[in-house]
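Colleague: Structure in C-alpha cells, see below.
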There are 2 protein chains.
Amino acid sequence: MKIVAAKKILKANDQLAAENRALLDAAGVFGVNVVGSPGAGKTTLLEALFAQLKGRLKPAVIEGDIAGSIDAERIERIGVPVVQINTEGACHLDANMIASALKELDLAAIDVLVIENVGNLVCTAGYDLGERLRIVVLSTSEGDDKAHKYPAIFQGAHAMLITKTDLLPHTDFDVERIAADYKRLAPEGEVFQVSAVHGDGVAEAADWLADKCRQSK
Amino acid sequence: MKIVAAKKILKANDQLAAENRALLDAAGVFGVNVVGSPGAGKTTLLEALFAQLKGRLKPAVIEGDIAGSIDAERIERIGVPVVQINTEGACHLDANMIASALKELDLAAIDVLVIENVGNLVCTAGYDLGERLRIVVLSTSEGDDKAHKYPAIFQGAHAMLITKTDLLPHTDFDVERIAADYKRLAPEGEVFQVSAVHGDGVAEAADWLADKCRQSK
C-alpha cells in the first residue's frame, strides 16, 4: 500500500515536471537542476559560473533549502534574480514547489534557470523538476567513492562537476576512480574539474553550459 | 491524509526504536547513531576511534548505505564485527532495519554498537534507531553554515564532531561560527575537533565516548 502511494506521488510529480518543462520551453528558458551533498560547493560554483557567463547568458536561480536564505542572499548580492524555496524539512525540491516558484520569476527576462536543489545525494535523485539538464556537484574532500555508494544521483546526471580541486593535494581523492565509476553509470556524461575559488576549470564548465543552453533553442 | 500516514510511520518507528533500546540496555550495549553528509569522514573517524579505544571498549558496527559495502569492508579489515544494511534507495536507516541487523550480532560479546547512518543531513534527523547517543559529523570542507541550514540534525545531536581539521588552513571554515550555531540549537552539546588522518583530537573524542559508555552502565 505504501509503495502504491509513493508511486502515485512520483507520477503526479512527473506530470507537474512535464508542465514546468513545457512552460520553460515556451518561454525559451533552459532549466538546470543542480544537485549534490551539503557543502559540495554548489552556490560558490554558481557564483563563479555566472561571473564567467556575464553578458552571454541571462540567468535566474531557484534556491532550495530546508531553512534559511543564506544561499539566496549570496545569489542576490551578485545581481541575479533569485527565488527562495524553504522545504521546511523535506529533503528535496519537487515539481510542485518549482511550479509555485516559477510564478515569481519574469521568464521573458532570462534564458537559463538554475535550480539549486537541497543538499542531498539521495532524495533529489527521484524527482524530475522539469529541467533539461541535471548536474551533480561533488567536492574532492567528499571522497572518490561517492558514485559507487550513491549510484542513482550520478546515473541521472548529464555532467559531474568535481569542485574544490584546489584541495586535491591535501586529500587522497582519485579523479580517475570517480570518473570511471561515473562513466559506468552515465556513459554519455561529461566530467569537469573546477576550483571555483582559484578559477581553474570554470571557463570550460561555463562554455559547456552556454553551448547546452544554445543547442536547446 | 499524507501527513497522517507519515505520522503513523514515525510512531511505529518510535515504538520499534524503544524496543531496540530496551534490547541493547538489557545486553549492556551502548548504542550510538552517527550521522552526517556523504563524505563527512564518518568511516575514517570510526577507524581512528576504534584504534584509540582498543582494549577499552568492545565495539560492533552497523553500516547503513544505499548500495554497496565499501565502508563495512573497511570496518571488517580492522577486526570489528560489522553488519551491512543496504537501504536500496532509502535516505536513512530506520528502527525496523536496526532490529533486523541486531539479530546478526552477538550482543553479549560487545559493549558499544556504533550505527553509521546513510550519508544525509536531512532524512536521518527524523528517525530514532534506539540509540543512547547521537553524534553529527561535519567536515571543515563542507562549510561552517551547515547548522544554520540543516538545524534539525544538529539540534538532535549530543555532540558535533568537526572532522578534517587538517584542511582548515585551506578553507575559510570558521569553527567558532559553527560552534555558536550548534550551541544555539543544542546548548548541552559537546564539540570536538578531529583530524582522523593526522590523529589530532582523536584521543579526546575517544575518551568522551568511553566515558559516556561507562556512565550508561
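Just so you know, all these numbers are worked out from the coordinates, no wet-lab data involved. Remember, predicted model here, so these are calculated numbers, not experimental data. When we count neighbours, we look across all protein chains shown, and the Cβ atoms used for this are built from the backbone with ideal geometry, even at glycine.
Colleague: Please state the shape class of the stretch A:2-215: rounded when a/c is under 1.5, otherwise prolate if a/b exceeds b/c and oblate if not, all from the C-alpha gyration tensor.
Modeller: Oblate, because a/c is 1.5 or more while a/b does not exceed b/c.
Colleague: Sorted from fewest to most neighbouring beta carbons within 10 Å, what does the list A:Thr43, A:Thr87 look like?
Modeller: Going from least to most buried by this count: A:Thr87, A:Thr43.
Colleague: Sticking with this structure for a sec: In debye to the nearest 20, how big a dipole does the stretch A:2-215 give about its Cα centre with +1 on each Lys and Arg Cβ and -1 on each Asp and Glu Cβ?
Modeller: Approximately 540 debye in magnitude.
Colleague: Between the stretch B:135-159 and the stretch A:106-134, how many Å separate their Cα centres?
Modeller: Between the Cα centre of the stretch B:135-159 and that of the stretch A:106-134, the gap is 25 Å.
Colleague: What average count of beta carbons from other chains do you get within 10 Å of the Cβ of residues in A:116-124?
Modeller: Mean number of neighbouring Cβ atoms from other chains: 6.
Colleague: Shape verdict for the stretch B:126-217, please, from the Cα gyration tensor: rounded (a/c under 1.5), prolate (a/b greater than b/c) or oblate.
Modeller: oblate
Colleague: Can I ask one more? Based only on other Cβ atoms within 10 Å, what is the fewest-to-most ordering of B:Leu24, A:Leu46?
Modeller: Ranked by crowding around the Cβ, least crowded first: B:Leu24, A:Leu46.
Colleague: Among the lysines, which fall within straight-line cross-link reach of A:Lys11, defined as a Cα-Cα distance under 17 Å, with same-chain neighbours fewer than 8 residues apart omitted?
Modeller: The reachable lysines, counting only those whose Cα sits under 17 Å from A:Lys11, are A:Lys2, B:Lys2.
Colleague: Report the relative contact order of the stretch A:2-215, percent, no decimals, based on alpha-carbon pairs under 8 angstrom and at least 6 residues apart.
Modeller: The value is 25 percent.
Colleague: Residues with beta-carbon under 12 Å from that of A:Gly119, excluding A:Gly119: net charge, scoring Lys, Arg +1 and Asp, Glu -1?
Modeller: Charge balance near A:Gly119 sits at -4.
Colleague: What's the tally of Lys pairs in the stretch B:86-206 whose alpha-carbon atoms lie under 25 angstrom apart, where the two lysines are 8 or more places apart or on different chains?
Modeller: Pairs that pass both the separation and distance tests number 5.
Colleague: Now a separate question. Starting with the fewest neighbours, write out A:Met97, B:Met160 ranked by other beta-carbon atoms found within 10 Å of each beta-carbon.
Modeller: Starting with the residue having the fewest Cβ neighbours, the order is A:Met97, B:Met160.
Colleague: Obtain the nm distance between the two label points defined at B:Ala22 and B:Gln155 by a simple spin-label model: each point lies 7 Å from its Cα along the Cα-to-C-beta direction.
Modeller: 2.9 nm
Colleague: For B:Val80, what is the net charge nearby, where nearby means another residue's Cβ is under 13 Å from its Cβ and Lys, Arg count +1, Asp, Glu -1?
Modeller: The answer is -4.
Colleague: Within chain A, what is the longest stretch that has no GluC sites (Glu not before Pro) placed in a DSSP loop and near at most 14 other beta-carbon atoms within 10 Å?
Modeller: Formally, the longest exposed-site-free interval is A:1-87.
Colleague: So which cysteines of chain A have no other cysteine's Cβ under 4.7 Å from theirs?
Modeller: Cysteines lacking a close Cβ partner in chain A: A:Cys213.
Colleague: Here is a follow-up. Within chain A, which whole H helices from DSSP have a Cα span along their axis of at least 27 Å and a mean Kyte-Doolittle hydropathy of -0.5 or more, if any?
Modeller: Once both thresholds are applied, what remains is A:2-26.
Colleague: Something else now. What number comes out for the charge environment of B:Ala40, summing +1 per Lys or Arg and -1 per Asp or Glu over other residues with Cβ under 9 Å away?
Modeller: 0
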